[in-house]
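*Asks:* Questions regarding the structure given below will be posed in turn.
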Amino acid sequence: MPLPGTLAPHLEAVLSEKLERSITLLEVARVHGGSVSDAFRLDTEAGSFFLKINLADQFPSLFSSEANGLHILRQAAELRVPELIAQGEHEDTTYLLLEYIAPAEEDRDFQSRFGKRLAKLHRHSHATFGLEHDNHIGLLPQVNTPHLDWCEFLIHCRFGPLVKMARDNKRIHMGDALRFERLYGKLPSLIPAELPALLHGDLWKNNYLADGEGEAVLIDPAVYYGHREMDLAMTKLFGGFDRDFYEAYQAEEPLEQDWEERIDLCNLYPLLVHLNLFGGSYADRVSSVLRQYV
């Protein structure tokens, strides 16, 4: 299918410069690439590439955030991430061009290997929670102002901005906005202290794939340094990963006692993200979780 405007010849020029040879797009095929951007496989005589596009005037920094997150994960060298080819803007389109990794079937030990390597990723730490710059989770801005204390970060950079957004757009029950204020005072007694861990930040079943070598590949990150239970909880939000994944993680880097009892608390953040993006029943899901704690 055709790309918008003159994006195709622009990408041919970008690829030709990067690869130092003349590149022609032989086929452009739409593929699954998430719920927030259009995604394509670009076939050329030099191989295939993965392209994501969105509206430059609405989301000018969306793909620069993702490119930086992929770079951070790639530097950690614990799990495979697609190689960045180019990120930029052309006419009214912002784009991200990556190595194309063909998804493969998971073998019997895939989830165990994945769990072990995620635990190793989480060993990469930092002096503070957050990141040196803000980024995105889905289409929403994600505040990463560094904090020394996890609960303060959770309040001011995760719950607070999204509760305000939901209130401004009348998507959250008013009583629940007040319940968040009550929850904030209880957080230090609910969440065990841990060092900041390098997180994928949006780790659900559609944000990883298996490559041809049987290894997990991380895609669509919302990277920051946070409490590692946030990543583990997110894996449970839409059905959960295989049991072998969690057993391998625990064997490599055990979680604090009763971590599963805090899954819903950690998932208040992605639920707020979905509430602000989609509304609907997510208001009731947020309400249900809050009432467990306040």
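*Asks:* Can you name the residue in the range 86-135 that is surrounded by fewer than 15 Cβ atoms within 10 Å (Cβ to Cβ) and not acidic (Asp, Glu) and, of all such residues, is nearest to ASN206 (Cα to Cα)?
*Replies:* Checking each candidate, the answer is PRO103.
*Asks:* Taking the range 38-69 only, how many residues are under 19 Å from ASN276 (Cβ atoms) and without any contact (Cβ under 8 Å) to a residue 40 or more places away in the chain?
*Replies:* So the count comes out to 2.
*Asks:* Name the residue that is farthest from GLU91 (Cα to Cα), counting only residues in the range 1-39 that are part of a loop (DSSP other than H, G, I, E, B) and among the hydrophobic types (A, V, I, L, M, F, W, C). Write out each step before concluding.
*Replies:* Within the range 1-39, the first condition is being part of a loop (DSSP other than H, G, I, E, B), and the residues that meet it are 1-6, 20-24, 31-37.
Filter once more, so that each one left must be among the hydrophobic types (A, V, I, L, M, F, W, C): 1, 3, 23, 31, 36.
Working: MET1: 19, LEU3: 12, ILE23: 21, VAL31: 23, VAL36: 20 Å.
It comes out as VAL31.
*Asks:* While we're looking at this one, here's another question. Mind listing whichever residues of the range 229-284 are surrounded by fewer than 21 Cβ atoms within 10 Å (Cβ to Cβ), without any contact (Cβ under 8 Å) to a residue 40 or more places away in the chain, within 19 Å of ILE219 (Cβ to Cβ) and hydrophobic (A, V, I, L, M, F, W, C)?
*Replies:* Result: LEU237, PHE238.
*Asks:* Give me a count of the residues in the range 79-104 that are among the polar types (S, T, N, Q) and within 18 Å of the chain's Cα centre (by Cα). Working first, answer last.
*Replies:* Restricting attention to the range 79-104, the residues satisfying the condition of being among the polar types (S, T, N, Q) are 87, 93-94.
Those still in the list that are within 18 Å of the chain's Cα centre (by Cα) too: 87.
Of the residues in that region, 1 qualify.
*Asks:* Among residues belonging to the range 192-207 that are within 24 Å of TYR282 (Cβ to Cβ) and buried (at least 22 other Cβ atoms within 10 Å of the Cβ), point out the one that is nearest to the chain's Cα centre (by Cα). Before the answer, list the steps.
*Replies:* In the first step, residues of the range 192-207 are kept if they are within 24 Å of TYR282 (Cβ to Cβ); the result is 199-207.
Then drop every residue that is not buried (at least 22 other Cβ atoms within 10 Å of the Cβ), which leaves 199-203.
Working: LEU199: 9, HIS200: 6, GLY201: 4, ASP202: 3, LEU203: 6 Å.
Going through the qualifying residues, I end up with ASP202.
*Asks:* Among the listed residues GLU66, GLU83, GLU45, which satisfies the condition of being out of contact with any Phe, Trp or Tyr (no Cβ under 7 Å at 6 or more places or on another chain) and crowded, with 19+ Cβ neighbours inside 10 Å?
*Replies:* On the way: GLU83 fails: crowded, with 19+ Cβ neighbours inside 10 Å; GLU45 fails: crowded, with 19+ Cβ neighbours inside 10 Å.
When all the criteria are applied, what remains is GLU66.
*Asks:* Here's something else I'd like to know. Testing GLY201 on (1) within 22 Å of GLN142 (Cα to Cα); (2) in contact with a helix residue (DSSP H, G or I) (Cβ under 7 Å, 6 or more places away or on another chain); (3) of a type outside the set (Ser, Thr, Tyr), one condition comes back false. Which one is that?
*Replies:* (2)
*Asks:* Next question, about the same structure. In the range 40-63, is there at least one residue being out of contact with any Cys (no Cβ under 9 Å at 6 or more places or on another chain) and part of a helix (DSSP H, G or I)? Steps first, please.
*Replies:* First, the residues of the range 40-63 that are out of contact with any Cys (no Cβ under 9 Å at 6 or more places or on another chain): 40-63.
Among the residues that remain, those that are also part of a helix (DSSP H, G or I) are: 62-63.
Looking through the range 40-63, at least one residue is out of contact with any Cys (no Cβ under 9 Å at 6 or more places or on another chain) and part of a helix (DSSP H, G or I).
Since every read-out is calculated from the coordinates, none of them should be taken as a lab result. What you see is a predicted model, and the numbers here were worked out from it, not measured in a lab. Cβ: placed from backbone, ideal geometry, glycine included. Neighbour counts: every protein chain shown.
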